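First up is the structure itself, then whatever we jot down about it.
The values are calculated or read from the model by the stated rules, or taken from the named source; none is laboratory data. As the structure is a prediction and not an experimental result, all values here were calculated from the model. Note that each Cβ is placed from the backbone with ideal geometry, even for glycine, and that neighbours are counted across all protein chains shown.
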Amino acid sequence: MKDKLKILRFFIVSFCPCLILANQKSIHHSHLSFPPTKLSTSSFRYKKYGHNLCHNSSKLLHTQWLSIRGGSDTSRPIWTFGSKPTHPQQYQQSQRQYQQQSSPYPIVEDVTNEENQKQSQVAKEMVDSFLSRDNRQSFITRVYAILTTQLLVTAGVVLYMASHRNIAHWMAFEGRMIGKLKKKCQIISIKYYFTILFSRNKYASKHTSSYPIPHTFTR
Amino acid sequence: MHRNILVPILSLTLSLVSMIVMTFNVAARQTAPLKWQLLSLFTIGESIIVGFISSFYPFKAIVSAMLTTAAASGSVTMYSILQTNPKYDLSQLGRALTSASIIFALYGFLYIFFPGLVPYSELLYSVGGAILFSFYLSYHTRMIVTGKHSKYMMGYKDYVYGAMTLYSDIINMFLYILRIIGSAESGSNRRD
């Protein structure tokens, strides 16, 4: 069966490029009377349309090929692709028939479509919730409340330092305590680094990684 | 006299580090305890550095700079909120503002490292900085208050980061206005 399908595929692909073109075009026309058959090189093609391939290709030959050449339909121009548009009810009926005939397993394309639909729905819900007026109002209120607090703190510090110039002077020239603190910080950081480095393997199995911190500072 | 400016440098480093962390780490600006800690560090650091800088100017200049900044930032904010015409929507000026700020910063660096290479005027540089940051303030305000039809907007979880951006714009505006007023006052004092 697989060999036959391969031969048929080879025939369709190599000897009927027009048919492929017509078929590619037919993918975009959802009003076709038969289910759209993809002549892609994908390995999923036979899984999708396994036992219907001969039937579909014969339909293709009888509808698409004729419509390319013009046929007897005078209502359509000669260069159009695809078969005549059918009534939506007929199309739905044919779709149902096709689904009954086809394999019961979910088609890969359908699964991806469903996933895409779910994802788009979730994204839409997120965007809707994000863009709701209440959320936006509360967001703006929070931003300006935080900003007001920040500006008040800064204004207070600026005015205090402007009225007490000795603080800035101390910061700029007389920060002796800061110098001592700097040295102490350097020593502590180096000590901490080496403690972590050497006791990492020792403490890793029994204690948490933050255990050496009190160990360093209490020593 | 021994010069030891560790506190201002430490505050500047603190505020810079917290701003960088908030900018590049989404979790840091949305996780509850961390974002408040970073915000506090940023605010304290900026307050100390701004207080330190402004203490070199006269008190009158500081107060007038504060009032001018309040008026300017209030008018820019009101314009950005009330302007609903998409033709004047400044939220799409992000790239232009980035390039303008890069040029501005490069010009400043050139003046610092090669003083005679580029023509420099303190007043013009400060005016340029104030204008640039007023545009930034308008841009960030638009990003915050904008509606759903806008192309760019700030996420509703990033309210701390939004406040930080507005705050840094206002502070930078204040510093440039202070420089303008300070240079004008020192000029008038020299004339007297």
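A compact table of results
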| item | result |
| --- | --- |
| Check on B:Thr77, more than 8 Å from chain A (Cβ to nearest Cβ), closer than 18 Å to A:Thr149 by Cα and not basic (Lys, Arg) | yes |
| Those residues of segment B:29-76 which are part of a helix (DSSP H, G or I), in contact with a helix residue (DSSP H, G or I) (Cβ under 6 Å, 6 or more places away or on another chain), among the small types (Gly, Ala, Ser) and farther than 15 Å from B:Tyr176 by Cβ, in sequence order | B:Gly45, B:Ser47, B:Gly51 |
| Test: residue in segment B:58-66 that is free of Cβ contacts under 8 Å to residues at least 60 places away in the same chain and within 11 Å of chain A (Cβ to nearest Cβ) | yes |
| Pairs where the first residue, in segment B:4-28, is within 27 Å of B:Lys157 (Cβ to Cβ) and the second is β-branched (Val, Ile, Thr) and in a helix (DSSP H, G or I), C-beta under 6 Å, 6+ apart | B:Ala28/B:Val21 |
| Residue within segment B:76-84 that is modelled with pLDDT under 85 and not aliphatic (A, V, I, L, M) present | yes |
| Filter result for the condition that a residue is within 10 Å of another protein chain (Cβ to nearest Cβ) and hydrophobic (A, V, I, L, M, F, W, C), over B:Leu41, B:Leu10, B:Leu34, B:Leu16 | B:Leu10 |
| B:Ile62 vs. criteria surrounded by 22 or more Cβ atoms within 10 Å (Cβ to Cβ) and touching a Pro at 6+ places or on another chain (Cβ under 7 Å) | no |
